[in-house]
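Notes for the one structure printed next.
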Amino acid sequence: MKNIGVAVIGLGGIGTLRAHSCAQIPQVGHLAICDIDPGKLDKFSETIKADIVTENYEEAINDERIQAVIVSTDEESHYGPAKLAAELGKPVLIEKPFVLNLDEADDIIAKAKQNGSLAFVGYTQRFRKRYLLAKESVEAGHLGDVVMAFGKIYVTRAVGEAVARRSPNTTPSINTLTYMVDLILWYMEGKTPVEVYARSASKVFKPYNRDDFQWMIVTFDD
């Protein structure tokens, strides 16, 4: 396998993990790191030894040595770098949630198709053994025709508060429940959602003007 160049855009908690992982992969021949905080760049450029260190994501993604992009910024900032990577035909991994606007999501997907790029969302739960085994059982027909799925997921108050402080447009539900939505849609692959009914309320996170629990029912076409 030939060496490739990877750009990691955003050096938050997940971005630093991605950058450290890339730095340890022999097939990654060039590594770019990007963040709007120069202090983070100074700190991690010393430990990661990146080839490209910049506060400008366009500089990192446009570099001809870069063939793949990881977008791990805050949710509000996913669109710009993801769109640019798709326009350039470079595969892009976007941390969940994808984006916070349906028009932006459609635009990234369309540009990826037009330019032969691949756009992935970082739904890492799909790679956990228990969820993989469930998927294999569904595909093998061991469960018959799956007509209903029920899932629930919890988040600690500390995580919820961190999410609320991080972004004005993200809620604990968007940050965490999206994992469960993805898994169930994955298990129901081939079926099309036609209706969503949801209710939520706020109590614990009311000071942040956020809902702290949410229920939803998704109806499929069959």
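Residues are listed down the side, and each one gets a yes or a no for (1) part of a loop (DSSP other than H, G, I, E, B); (2) among the charged types (D, E, K, R); (3) within 28 Å of residue 159 (Cβ to Cβ); (4) within 16 Å of the chain's Cα centre (by Cα):
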residue	(1), (2), (3), (4)
22	no, no, yes, no
65	yes, yes, no, no
76	no, yes, yes, yes
90	yes, yes, no, no
Please verify whether residue 19 is in the same structural domain as residue 85 (by TED's automatic domain parsing), surrounded by 18 or more Cβ atoms within 10 Å (Cβ to Cβ) and closer than 15 Å to residue 85 by Cβ, treating the condition exactly as stated. no
Hey, can you tell me all the residues within the stretch 144-153 that are touching a helix residue (DSSP H, G or I) at 6+ places or on another chain (Cβ under 9 Å) and either hydrophobic (A, V, I, L, M, F, W, C) or at pLDDT below 85 (or both)? 146, 149, 150, 153
Do we find a residue being over 26 Å from residue 183 (Cβ atoms), of a type outside the set (Phe, Trp, Tyr) and free of Cβ contacts under 8 Å to residues at least 24 places away in the same chain anywhere in the stretch 88-106? no
Among the listed residues 70, 33, which satisfies the condition of being under 15 Å from the mean Cα position of the chain (by Cα), part of a strand (DSSP E or B) and surrounded by 14 or more Cβ atoms within 10 Å (Cβ to Cβ)? 70
For the subset of the stretch 39-49 comprising residues that are exposed (fewer than 12 other Cβ atoms within 10 Å of the Cβ) and at negative phi, which member is modelled with the lowest pLDDT? 46
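The values are calculated or read from the model by the stated rules, or taken from the named source; none is laboratory data. These figures come from a predicted structure and were not determined experimentally. A quick note on method: Cβ atoms are made from the backbone with ideal geometry, for glycine too, and the neighbour counts reach across all protein chains shown.
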